[in-house]
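I have placed the structure first, in the form of structure tokens, so that the comments after it can refer back to it.
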Amino acid sequence: MLTHLFTGFASPLPSVGINFILTIGKTTRQQKKGVQTPAPRVAGPSGRTPYNPLMRPSAFAVRLFLLASVMACTVQAWCQGDEMGGRVVLVLPFDNRSGQASLDWIGESFATTMNQRMRSAGFLTISRDDRVYALDHLGLPAGFKPSRATTIRIAQTLDAQFVLVGSYTVHDAQVTAQAQVLEVNQLRMSPPLDQTAPLQQLLDVENILAWRAARQMDPHFSVSQNTFIAVSSGLKLDAYESYIRGITAATDEERVRRLKTSLDISPANSEALLALGKTQYVDGSYDDASATLARVPSSDPLALEAGFYRGLARFNTAHYADAEAAFAAVANKLPLPEVVNNQGVAMARQRKDGVALLQRASAADPQDGEYHFNVAVSLRRSGQNARAKTEVDQAVKLRPNDPEARELQAVLAGTTPPSGYDPQERIRRTYSEAAFRQAAFQIDQMRAARIASLPAAKQATEYASAGQDYLTQGLVLEAEREFQSAVQADSKSSAAHLGLAQVRERSGNADEARREAQASIQNGPNAGAYLVLARLDMSSNPGAAASDVGNALRLEPTNPTAQAMKNALQARGVAIP
């Protein structure tokens with residue numbers, strides 16, 4: 001459940017989450033600092049392929065992944081040692097064996113889809129940006145096809161316990177794919193997992209292989225295959241193809257064109273919206289970026305990252321109040337130092353008092369000289385020169401070659417400032433997605449340990465509540481994972497069976513939905529389960545639906561869904577008993 005607190009949901013973090021987030025990895029981001037304008041697109045360190053400095057992960061991202069296993073092992077409920085083999089997963093692009101270069105995009109499609117599903121399934125996944133960085137770090141081109149030995153080396157660089165590799169062919173409009181799971185610690189490769197379907201069902205193939213791989217890595221994984229398939233049910237393949245071609249494009253121009261094409265087909269694709277918005281931001285098209293990123297719904301898992309970059313876009317066009325609001329919305333759910341700092345800086349640009357926020361950022365990352373500089377600037381502006389001098393002294397100690405900090409230090413020591421001297425707080429222009437995902441994963445581990453110590457019925461209650469939170473946001477895979485845990489804790493949990501009924505209903509499995517709803521009612525009559533049954537019967541058996549709606553209303557007379565269904569049935573001439 002706690003992962004959703006990092007991905008755009010309504011609830012703020014609990015205090016343990018805030019403390020953990022604010023302190024994770026706070027001394028390893030030196031190369032990100034001091035960037036005052038978006039960097040242009042340049043050749044990568046190896047000079048081989050274009051890359052985007054804004055999106056390229058730093059060593060911070062890699063180090064966070066290196067922390068994953070060590071930190072997870074402090075949590076007994078998840079640290080299963082040799083049995084589980086860890087939870088960090090690297091998915092590599094599948095190898096194109098069709099002989100058709102025009103189908104290369106499918107290889108990245110497999111990696112993207114399976115990476116997303118692994119993350120939803122509760123694994124800590126390594127993103128495409130992190131993977132590209134690792135290849136570059138090892139001196140390998142982005143499109144390199146690694147041998148098994150090199151694959152192991154890449155996995156060890158990123159501290160992955162599992163690597164998913166595979167290949168595909170396309171013949172007569174049929175796609176045949178094969179996936180294997182490499183257990184890095186055991187140097188053991190799983191038997192091949194094969195799947196064939198018409199090319200138009202490519203996403204089903206990817207989702208099924210992801211499900212089978214999840215079960216290979218975790219034999220106890222209990223989410224159904226149909227739920228994996230249902231996640232992509234609303235996504236059009238041509239839109240997804242344009243999205244994949246966009247994120248792998250060699251130039252910004254092609255990237256923007258492909259992503260816009262994807263959005264023309266599927267306007268609500270949040271992944272494409274975020275990718276396009278970030279590209280527009282890097283290109284300096286700040287108004288366009290702001291408009292694009294604003295289209296990502298606040299409840300979407302990508303809303304936090306979109307909000308961060310939207311805040312930067314508004315800041316760069318001097319819309320400081322809008323920037324403050326955007327950063328505040330992110331900080332309310334995920335108060336990493338760079339987010340809190342930016343909220344404070346946006347306030348300062350409006351001549352509002354942002355000292356408290358800037359101090360929070362500095363306290364969370366005391367080895368960051370820029371945060372100390374920002375606090376010093378704000379304190380000086382409010383006339384607190386003695387405190388400002390303490391802060392700028394620390395800033396200079398940490399960054400002795402920072403000319404602005406040294407000048408401010410001299411002014412606070414008594415040197416006459418230049419005419420019009422008015423130093424400004426510095427915005428932080430990088431967002432560490434790796435930090436967010438790492439923190440979310442670790443808090444999930446702590447939550448699992450806490451729940452494991454509760455009585456079975458209480459465990460089921462907590463898991464079912466988490467599942468409903470996910471379900472409210474449309475995350476059916478994550479929801480089922482929680483409901484399955486609830487059933488495992490207490491097979492008689494009415495709420496757990498209700499949740500599974502709702503998941504089965506959404507994934508189109510009417511028979512299973514009916515069975516789970518009936519199990520829920522048997523363990524404790526409830527309006528939700530009766531309404532699932534009513535929806536299943538609404539078209540084919542309105543009399544039965546009316547009976548179920550009547551039962552729901554007897555339990556919850558003001559239930560708005562039941563009332564709406566009652567009105568719909570009565571409009572068709574069906575009486576409610």
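The values are calculated or read from the model by the stated rules, or taken from the named source; none is laboratory data. Since this is a predicted model, take the numbers as computed values, not measurements. Glycine also receives a Cβ, built like all others from the backbone with ideal geometry; neighbour counts cover every protein chain displayed. All accessible areas refer to the heavy atoms of the entire protein, side chains included, with ligands and DNA or RNA removed. Shrake-Rupley method; radii C 1.70, N 1.55, O 1.52, S 1.80 Å.
For the range 401-424, a tally of residues being among the polar types (S, T, N, Q), in contact with a helix residue (DSSP H, G or I) (Cβ under 8 Å, 6 or more places away or on another chain) and part of a loop (DSSP other than H, G, I, E, B) returns 1.
Being surrounded by fewer than 21 Cβ atoms within 10 Å (Cβ to Cβ), within 23 Å of the chain's Cα centre (by Cα) and either at pLDDT 50 or above or of a type in the set (Lys, Arg) (or both) is a property that residue 63 has.
Within the range 197-211, the set of residues being of a type outside the set (Phe, Trp, Tyr) and open to solvent by less than 70 Å² (accessible area, probe 1.4 Å) comprises 197, 198, 199, 202, 203, 204, 205, 206, 207, 208, 209, 210. Applying a threshold of 7 Å to beta carbon distances and a minimum spacing of six or more residues, or different chains, the list of pairs starting in the range 100-126 at a residue that is touching a residue at least 24 places away in the same chain (Cβ under 8 Å) and ending at one that is part of a loop (DSSP other than H, G, I, E, B) and of a type in the set (Asp, Glu) is empty. Being farther than 28 Å from residue 323 by Cα, at pLDDT 95 or above and either open to solvent by 10 Å² or more (accessible area, probe 1.4 Å) or not β-branched (Val, Ile, Thr) (or both) is a description that applies to residue 389. Residues that are β-branched (Val, Ile, Thr) and under 22 Å from residue 506 (Cβ atoms) were ranked within the range 183-233; the one that is modelled with the lowest pLDDT is 231. Given the condition in contact (Cβ under 8 Å) with a residue 24 or more places away in the chain, over 30 Å from residue 466 (Cα atoms) and in a helix (DSSP H, G or I), answer yes or no: does some residue in the range 425-432 qualify? The answer is no; no qualifying residue exists.
Against the test of being polar (S, T, N, Q), open to solvent by 10 Å² or more (accessible area, probe 1.4 Å) and in a helix (DSSP H, G or I), the options 343, 367 yield a single qualifying residue, 343. Kindly indicate whether residue 136 is farther than 22 Å from residue 218 by Cα, in contact (Cβ under 8 Å) with a residue 40 or more places away in the chain and of a type in the set (D, E, K, R). So residue 136 passes the test.
Checked against (1) within 27 Å of the chain's Cα centre (by Cα); (2) buried (at least 24 other Cβ atoms within 10 Å of the Cβ); (3) small (Gly, Ala, Ser); (4) under 17 Å from residue 398 (Cβ atoms), residue 376 passes all but condition (1).
So that you can scan it fast, the table gives a plain yes or no per residue for (1) of a type in the set (Phe, Trp, Tyr); (2) touching a residue at least 24 places away in the same chain (Cβ under 8 Å):
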site	(1), (2)
182	no, yes
185	no, yes
203	no, yes
208	no, no
215	no, no
218	no, yes
228	yes, yes
231	no, yes
243	yes, yes
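Within the range 283-305, the set of residues being among the aliphatic types (A, V, I, L, M) and at pLDDT 95 or above comprises 289, 291, 293, 294, 296.
Considered as a group, the residues in the range 473-506 that are part of a helix (DSSP H, G or I) and either acidic (Asp, Glu) or free of Cβ contacts under 8 Å to residues at least 12 places away in the same chain (or both) include one that is surrounded by the most Cβ atoms within 10 Å (Cβ to Cβ), and that residue is 480. The set of residues from the range 293-340 being open to solvent by 10 Å² or more (accessible area, probe 1.4 Å), part of a helix (DSSP H, G or I) and not aliphatic (A, V, I, L, M) comprises 305, 307, 310, 314, 315, 316, 320, 322, 324, 332, 333. Looking across the range 267-289 at every residue that is within 11 Å of residue 313 (Cβ to Cβ) and of a type in the set (Ser, Thr, Tyr), the one that is surrounded by the fewest Cβ atoms within 10 Å (Cβ to Cβ) is identified as 285. Can you name the residue in the range 437-472 that is among the hydroxyl-bearing types (Ser, Thr, Tyr) and in contact with a helix residue (DSSP H, G or I) (Cβ under 6 Å, 6 or more places away or on another chain) and is also surrounded by the fewest Cβ atoms within 10 Å (Cβ to Cβ) among such residues? The residue in question is 470.
When restricted to residues that are in a helix (DSSP H, G or I) and open to solvent by less than 20 Å² (accessible area, probe 1.4 Å), the range 256-266 contains 3. On the basis of being under 30 Å from residue 278 (Cα atoms) and open to solvent by less than 60 Å² (accessible area, probe 1.4 Å), does residue 434 make the cut? For residue 434, the condition - under 30 Å from residue 278 (Cα atoms) and open to solvent by less than 60 Å² (accessible area, probe 1.4 Å) - is met.
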